[in-house]
Amino acid sequence: MAFSKAAAVVGKSHYLINCQQCHDADGRALANIDYIAADLTAPGSWYYGSSALHIYSSIKFGAGLEMPPFKAELSDEVIWQIVAHVLNIGPRASRPQQK
Ligand code: HEC
């Protein structure tokens, strides 16, 4: 799956609506005191896999006990846009390259 920068930009707006209350606006979840959420900029520290498909699955079906599933709220198209955003804030090698 190839992601575009444009998808990541749209994904960021969906991220800020759906994810920042637990993962913070920057994805690092350092300021959050309500949930011990994953640092989305550091996939090396994750439990549930860091490929695009794993990120999609964590969003769609949830991850662990406290990461809620979004399958009822978000379409697959929006979930993939959020995946593009999560990749875009992660390690440089996995960021979307295409415009
Ligand atoms: C209600 C709080 C909450 C919301 C909202 C939330 N998350 Fe999470 N998320 C968590 C917690 C807590 C974990 C850690 C779960 C664990 O390790 O057991 C997590 C884990 C994850 C993981 C898996 C990391 C790993 O270890 O593999 C990903 C990816 C992720 N979240 C992305 C997102 C995205 C993208 C959104 C928005 C669509 C989102 N989360 C919304 C709380 C939340």
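The values are calculated or read from the model by the stated rules, or taken from the named source; none is laboratory data. All figures in this text were calculated on a predicted structure; none of them were measured in a lab. Every residue, glycine among them, receives a Cβ derived from its backbone with ideal geometry; neighbour counts consider all protein chains shown. SASA here: full protein model, heavy atoms, side chains in, ligands and nucleic acids out. Shrake-Rupley method; radii C 1.70, N 1.55, O 1.52, S 1.80 Å.
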Flag if Pro91 is more than 10 Å from the ligand (Cβ to nearest atom) and over 12 Å from the mean Cα position of the chain (by Cα): yes
Among residues of segment 82-99, those that are open to solvent by 30 Å² or more (accessible area, probe 1.4 Å) and touching a Gly at 6+ places or on another chain (Cβ under 7 Å), counted: 1
Qualifying residue in segment 31-45 (condition: part of a helix (DSSP H, G or I), modelled with pLDDT under 95 and either surrounded by 15 or more Cβ atoms within 10 Å (Cβ to Cβ) or near the ligand (Cβ under 8 Å from one of its atoms) (or both)): yes
Filter result for the condition that a residue is near the ligand (Cβ under 9 Å from one of its atoms) and loosely packed, with under 13 Cβ neighbours inside 10 Å, over Glu77, Glu66: Glu66
Failed item, numbered, when Arg28 is tested on (1) in a loop (DSSP other than H, G, I, E, B); (2) at pLDDT below 95: (2)
In segment 16-30, the residues that are within 6 Å of the ligand (Cβ to nearest atom) and surrounded by 16 or more Cβ atoms within 10 Å (Cβ to Cβ): Asn18, Cys19, Cys22, His23
Looking only at segment 63-99, and only at residues there that are acidic (Asp, Glu) and under 22 Å from Asp34 (Cβ atoms), the one that is modelled with the lowest pLDDT: Glu66
Subset tally (residues that are closer than 20 Å to Arg95 by Cβ and either near the ligand (Cβ under 7 Å from one of its atoms) or open to solvent by 70 Å² or more (accessible area, probe 1.4 Å) (or both)) for segment 51-63: 5
